[in-house]
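A.B. asks: I'd like to ask some things about the structure below.
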Amino acid sequence: MNMRRMKSVALLIAIFMITGLLFGCADNAGNDGEDNGNITTKQYDVVVLGAGAAGLAAAIEAAEGGASVALLEKLPVTGGSTILSGGIVYGTGSKLHEAAGVEDSVDDLVSYWTERADGKNDPAYLQFVAERSGETIDWLVDMGVEFGAPAPTGISPVARAVTSPEHGGGIIRPMEEYAKSKNVEILLQTEATELLKDENGAVSGVKAVDKDGNELIVESKAVVIATGGFDRSVELVKEYAPQADGHLSFAGQGNEGDGLLMAKEMGANVLSNGGVIGFRAVEGEVAYTTDVCMLMWMPYLYVNKDGNRFVNESIDYPIFYEELIKQPEQVGYLIFDGNTYMEALDKAVEKGSAFKAATLEELAVAAGIDAEQFQATVDNYNEMIANGEDTQFGKNVTGHPAIAKGDFYAVKVIPAILGTMTGIETNLDAEVLDAAGEPIKGLYAAGEVANGNFYNKVYPASGTSIQMCLTFGRVAGSNAASLAE
């Protein structure tokens with residue numbers, strides 16, 4: 001991971017959010033509308049809400065289908081959670097996979113996703129995305145997105161994940177430029193507040209508010225909701241994902257569940273198994289790309305407040321999260337010593353995110369860990385390293401040094417989330433369904449706001465969410481354009 005580049009992306013977004021700089025806004029929409037005092041009315045064939053991966057994909061496909069398209073984004077920049085991500089897309093059968101000689105199949109990918117959801121996701125959705133996953137990656141490449149060679153993510157050894165060297169921005173920026181080249185009108189700092197419907201109950205546009213508080217009516221023949229998850233909504237997390245209540249979110253700032261709520265007001269059904277994209281963070285850090293927060297990835301000994309080891313420290317991050325939240329006070333301590341010292345440790349101590357001591361006993365007292373059990377755990381861990389086998393959790397300990405040399409450090413690690421796994425129910429045409437399973441005419445949804453069919457409780461592999469966002473975003477945009485003809 002290129003930490004410097006990720007820091008730059010995070011800083012750029014922060015600057016835009018603070019200063020309110022715009023790369024486009026409602027005033028530059030280009031589709032002349034009627035101005036009635038502080039209310040402006042505009043007309044488009046298709047309106048897309050949310051300019052992350054799903055929204056951009058929908059806007060592009062709708063525009064290529066011949067529709068006039070407005071893309072509304074309430075933040076000052078496009079990208080949603082994707083631009084904050086590592087830029088990974090999971091799939092099979094793309095030209096990149098073929099060139100790398102990856103031995104895989106759609107059926108194997110579906111089997112993996114099914115296994116990771118304990119069979120509690122919708123097989124039709126898995127099959128649908130898996131069959132199109134390679135084509136979606138090729139579509140991005142044709143648009144100018146660059147990827148490295150496929151590599152494994154999750155717990156499967158199959159090399160399915162392709163990663164942009166520019167991370168999330170390497171996906172979003174080419175998509176944004178391509179959307180603009182197709183005359184998609186991107187209205188930044190423009191927040192949709194309500195879906196509109198006609199006398200027959202079909203969706204006919206949205207109400208929105210621009211950065212100056214002026215009301216905007218956007219009339220359309222179809223609306224695509226692609227507003228992301230609800231990580232930033234305390235109320236919705238408590239309602240749909242209570243296990244994550246109070247957990248730090250590294251998702252996009254706009255993930256407040258507004259699209260979900262607007263769809264519910266239209267009668268949309270919601271699917272939820274209570275899952276989240278579980279992650280972790282060093283306490284006190286607000287971005288996982290800082291040098292202090294990056295300490296959490298080191299595969300050394302983790303203990304809980306009772307001094308007990310509780311997980312294979314090298315396990316995939318969503319599984320680690322599931323174990324972390326079971327621990328006392330939902331806290332883990334990552335242990336370093338003189339053999340594994342890193343400069344960021346001293347910064348963590350200065351910030352109060354880590355503890356430092358000359359002995360293990362003093363470290364336990366400082367961190368609030370049971371000292372006697374902690375010493376026993378370290379002794380057992382060192383013995384397993386000496387024997388070359390982790391008989392407790394099966395971690396590969398080859399090359400790991402014993403915890404024996406002062407000074408000693410304990411970094412405090414807490415749960416965090418990258419996204420939610422609850423969504424508006426849709427069919428394979430990305431149409432939003434009501435409680436009776438009937439499509440709400442003119443309303444489509446894609447991405448994290450509509451992922452309830454895809455997961456159970458534990459996220460299967462990095463890049464899965466972006467793949468799903470892109471694939472169903474494309475379907476939503478194409479079908480919305482067809483409806484608008």
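A.B. asks: Contact order normalised by length for region 115-249, with contacts defined as Cα pairs under 8 Å and 6 or more residues apart; what percent is it?
C.D. replies: 10 percent
A.B. asks: Separate question: When each pair of different Cα atoms in region 381-485 is counted once in the 1/r mean, what is the Kirkwood radius in angstroms, to one decimal?
C.D. replies: For region 381-485, inverting the mean 1/r across all distinct Cα pairs yields 17.9 Å.
A.B. asks: Place a point 7 Å from the Cα of Phe393 along the Cα-to-Cβ direction; which residues of region 264-305 have their backbone N under 13 Å from it?
C.D. replies: Once the point is set 7 Å along Cα→Cβ of Phe393, 297-305 turn out to lie under 13 Å by backbone N, inside region 264-305.
A.B. asks: Short version: ³J(HN,Hα) in whole Hz for each residue of region 458-465, in order, from phi by Karplus 6.51 cos²θ - 1.76 cosθ + 1.60 (θ = phi - 60°), x for Gly and Pro, what are they?
C.D. replies: Per-residue couplings from phi come out as 10, 4, x, 5, 4, x, 5, 5 Hz.
A.B. asks: Would you work out the charge dipole size for region 52-168 about its Cα centre, treating the Cβ of every Lys and Arg as +1 and the Cβ of every Asp and Glu as -1, and quote it to the nearest 20 debye?
C.D. replies: The calculated dipole for region 52-168 is roughly 380 debye.
A.B. asks: So if I restrict to the alpha-carbon atoms in region 213-359, what is the Rg, and what is Dmax, the biggest pairwise distance, in Å?
C.D. replies: 19.8, 69
A.B. asks: Return the sequence-ordered ³J(HN,Hα) values of region 472-485 in whole Hz as given by the Karplus equation 6.51 cos²θ - 1.76 cosθ + 1.60 applied to θ = phi - 60°, using x for Gly and Pro.
C.D. replies: Each residue of region 472-485 in turn: 6, x, 5, 4, 4, x, 5, 6, 5, 5, 5, 5, 7, 5 Hz.
A.B. asks: Using only the Cα atoms, work out Rg/Rh for region 284-416, with Rh taken as the Kirkwood radius, to two decimals.
C.D. replies: 0.92
A.B. asks: Which distance in Å, rounded to a whole number, links the C-alpha centroids of region 42-104 and region 280-321?
C.D. replies: 31 Å
A.B. asks: Considering only Cα-Cα distances, which of the following residue pairs are longer than 20 Å: Lys207/Lys441; Lys211/Lys238; Lys197/Lys264?
C.D. replies: Too far apart for the 20 Å limit: Lys211/Lys238.
A.B. asks: Along the charge dipole of the chain, pointing to its positive end and built from +1/-1 on Cβ of Lys, Arg, Asp and Glu, which listed residue (Asn200, Thr289, Gln330) has its Cα farthest out?
C.D. replies: Highest projection toward the positive end goes to Thr289.
A.B. asks: Now for a separate question. Starting from the Cα-Cα distance between Glu343 and Val365, subtract it from 0.36 nm times their residue separation and give me the gain in nm to one decimal.
C.D. replies: Between Glu343 and Val365, full extension yields an extra 5.6 nm.
A.B. asks: Using just the helices of the chain, give the 222 nm mean residue ellipticity in deg cm²/dmol: DSSP H runs with n ≥ 4 each add -39,500 (n - 2.57), and the total is spread over all residues, rounded to 500.
C.D. replies: Calculated mean residue ellipticity at 222 nm is -10000 deg cm²/dmol.
A.B. asks: Place a label point 7 angstrom from the Cα of Gln375 along the Cα-to-Cβ direction, then list the residues of region 400-434 whose backbone nitrogen is under 15 Å away.
C.D. replies: Counting only backbone N, you get 404.
A.B. asks: Taking amide H atoms as placed 1.01 Å from N in the peptide plane, list the residues 5 or more away in sequence, or in a different chain, whose amide H sits under 5 Å from that of Arg280.
C.D. replies: HN-HN under 5 Å from Arg280: Ala416.
A.B. asks: For a quick check: with amide H placed at 1.01 Å from N, whose amide H comes under 5 Å from Asn255's, ignoring anything fewer than 5 positions away on the same chain?
C.D. replies: It is Arg232, by chain and number.
A.B. asks: Still on this structure, I have one more. Region 147-239: which trypsin sites (Lys or Arg not before Pro) are DSSP loop and have at most 10 other beta-carbon atoms within 10 angstrom?
C.D. replies: Counting only loop positions with at most 10 other Cβ atoms within 10 Å, none of the trypsin sites (Lys or Arg not before Pro) in region 147-239 qualifies.
A.B. asks: Compute log10 of I(q)/I(0) for region 432-485 with the Debye formula, placing one identical point scatterer on every Cα and leaving out solvent, at q = 0.20, 0.23, 0.31 Å⁻¹, to two decimals.
C.D. replies: Log10 I(q)/I(0), no solvent term: -0.79, -0.94, -1.23.
A.B. asks: Cβ under 15 Å from Phe393's Cβ, Phe393 left aside: what net charge do those residues give with Lys, Arg +1 and Asp, Glu -1?
C.D. replies: Residues close to Phe393 contribute a combined charge of -4.
A.B. asks: Which number do you get for Rg(Cα) / (2.2 N^0.38 Å) in region 297-374?
C.D. replies: 1.08
A.B. asks: If you don't mind, there's one more thing I want to ask. If amide H atoms are built 1.01 Å from N in the plane of the peptide, which residues on other chains or at least 5 residues away come under 5 Å of the amide H of Lys197?
C.D. replies: Distant-sequence amide H within range of Lys197: Ser204.
A.B. asks: Computed over the Cα atoms, what is the radius of gyration of region 87-167 divided by 2.2 N^0.38 Å, N being its residue count?
C.D. replies: Against the compact-globule rule of thumb, the ratio is 1.06.
A.B. asks: Another one. Note the angle between two axes, namely the Cα long axis of helix 3-19 and the longest principal axis of the Cα atoms of the chain, as a number of degrees from 0 to 90, rounded to the nearest 10.
C.D. replies: 50 degrees
A.B. asks: Something else now. Give or take rounding to whole Å, what are the principal axis extents of the alpha carbon atoms in the chain, in descending order?
C.D. replies: 73, 49, 41
A.B. asks: Suppose every Lys and Arg Cβ carries +1 and every Asp and Glu Cβ carries -1, with no other charges. What dipole size does the chain come out with about its Cα centre, to the nearest 20 debye?
C.D. replies: Computed charge dipole of the chain: roughly 640 debye.
A.B. asks: Quick one: Karplus J couplings for region 341-351, per residue in order, coefficients 6.51, -1.76, 1.60, θ = phi - 60°, nearest Hz, x for Gly and Pro?
C.D. replies: Ordered by residue, 3J(HN,Hα) equals 4, 9, 4, 5, 4, 5, 5, 5, 5, 4, 7 Hz.
A.B. asks: Given 20 °C and 1.002 mPa s, how large is the Stokes-Einstein diffusion coefficient of region 216-300 in µm²/s, with Rh as the Kirkwood radius over Cα pairs?
C.D. replies: The Stokes-Einstein estimate is 141 µm²/s.
A.B. asks: What FRET efficiency comes out for Ser314 versus Glu199 if R0 is 41 angstrom and r is the Cβ-Cβ distance? Round to the nearest 0.05.
C.D. replies: 0.10
Read-outs: derived from the displayed coordinates by stated rules, not from any lab. These numbers were taken from a predicted model, which means no experiment stands behind them. Quick reminder, even Gly has a Cβ in these numbers, built from the backbone with ideal geometry, and neighbours come from all protein chains shown.
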